[in-house]
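Working notes, structure below.
Just so it is clear, none of the values below were taken in a lab; they were calculated from the coordinates. Keep in mind the model is a prediction, meaning the values are calculated, not measured. FYI the Cβ positions are ideal-geometry reconstructions off the backbone, even for glycines, and counts take in every protein chain you see.
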Amino acid sequence: MEQREKSKAKRRDFLKLLGVGSIAGAAVAATGADAPAGEPEAKPEGAGYRETPHVRKYYETARF
Amino acid sequence: MTAVSAAAAQASPAGDADAERVPEEELFRSCIYGLLARVLAAPPDAALLLNLRGLMGDDTELGRAFDAVAQAAAATTPDRAAEEYHALFIGLTRGELLPYGSYYLTGFLHEKPLAALRRDLSALGIARAETVREPEDHAAALCEVMAGLIDGAYGAAQPVAAQRQFFESHLAPWIGRFFADLTGAKAAVFYKTIGELGRRFVEIERAAFAMEP
């Protein structure tokens, strides 16, 4: 467990050092969220704050 | 220090059903993949260009790449961006570039890399949407999958090990080269900055995954 926490911390520090890591990158979040007008699509489950109905046209959760 | 800071809006993290909240730097990765997917799937419309203009990078390579995207977004229009996109990816029979894994790895479309991708997608419970005609190994689609693996769009948020597996199998062998090609493509002006953002981000991804035990 200790090892896992260490490697998580290492990864987090690495990403942040290189500039990856702000939840306030809301503008980046918003850039994925725009859908062209007139393209209604059901919001996929678990999409949370990042709605990308236009992008998500590629994939959906497979239903068996 | 962070790569991007922005005005307004708050983002609430995804994965409220997940036992462990996805850390913010991981969600940020998901956002970057989401942005790449968005502009590789279709040219940016006016609203997206407006959003991109608001990106502000910090003093890292990645931050500077965001700044360049913001400047390019300010300098273009939806029509010009659409013309670029068309020249780069559509053309009369083909665009300047073919952003497909099979093509980069074998010289042909619909090859073994696509078959391997489909198997792994199936195992992850992800299927191509019925309305989509392109093969799944399109750069936009792969970025979309990465975003979803990170933030739980296809069910549970995947652990880093699973993300790594997918990245190293289906993106790492070729997508850096694609982004480099995009940077150097004749028709690319706005998309030149996207290529550079993608290239730098993929390098960070590669290095971060390689650090995993």
Long-range amide H partners of residue B:45, meaning residues 5 or more apart or on another chain whose placed amide H is closer than 5 Å, are none
Give me, ordered by chain and number, the residues 5 or more places off residue B:126 or on other chains with an amide H under 5 Å from its own placed amide H. A:62
Length gained when the stretch residue B:61-residue B:93 is fully extended (0.36 nm per residue, less Cα-Cα span): 7.9 nm
Ignore the peptide's own chain and count Cβ atoms of other chains within 10 Å of each Cβ in B:200-206; give me the average, rounded. 2
Honestly chain B on the Cα gyration tensor test (a ≥ b ≥ c root eigenvalues; a/c under 1.5 rounded, otherwise a/b vs b/c for prolate or oblate) is just oblate
A correct fewest-to-most ranking of B:133, A:4 by other Cβ atoms within 10 Å would be B:133, A:4
Could you list the trypsin sites (Lys or Arg not before Pro) in the stretch B:17-86 that lie in coil according to DSSP, counting only those with at most 16 other Cβ atoms within 10 Å of their Cβ? B:21
Ranked list, fewest to most other Cβ atoms within 10 Å of each Cβ, for B:93, B:106: B:93, B:106
Under the Debye formula (equal points on every Cα, no solvent term), log10 I(q)/I(0) of the stretch B:137-213 at q = 0.14 Å⁻¹: -0.47
Given +1 on the Cβ of Lys and Arg, -1 on the Cβ of Asp and Glu, and no further charges, what dipole in debye does chain B carry about its Cα centre, rounded to the nearest 20? 560
Averaged across the residues of A:6-18, what count of C-beta atoms belonging to other chains lies within 10 Å of each residue's C-beta? 5
Show me, for the stretch B:198-213, the HN-Hα J-couplings you get by feeding each phi into the Karplus relation (A = 6.51, B = -1.76, C = 1.60, θ = phi - 60°), rounded to Hz, glycine and proline as x. x, 4, 5, 5, 4, 4, 5, 4, 4, 5, 5, 5, 5, 6, 5, x
Which ordering of A:8, A:16 is given by a fewest-first count of other beta-carbon atoms within 10 Å? A:8, A:16
Once both label points are put 7 Å beyond Cα along the C-beta direction, the residue A:6-residue B:46 separation in nm becomes 5.6
Shielding score for B:146-154, defined as the mean number of other chain Cβ atoms within 10 Å: 5
Okay, helix-only estimate at 222 nm for chain B: each DSSP H run of n ≥ 4 adds -39500 (n - 2.57), divide by all residues, round to 500 deg cm²/dmol; what do you get? -18000 deg cm²/dmol
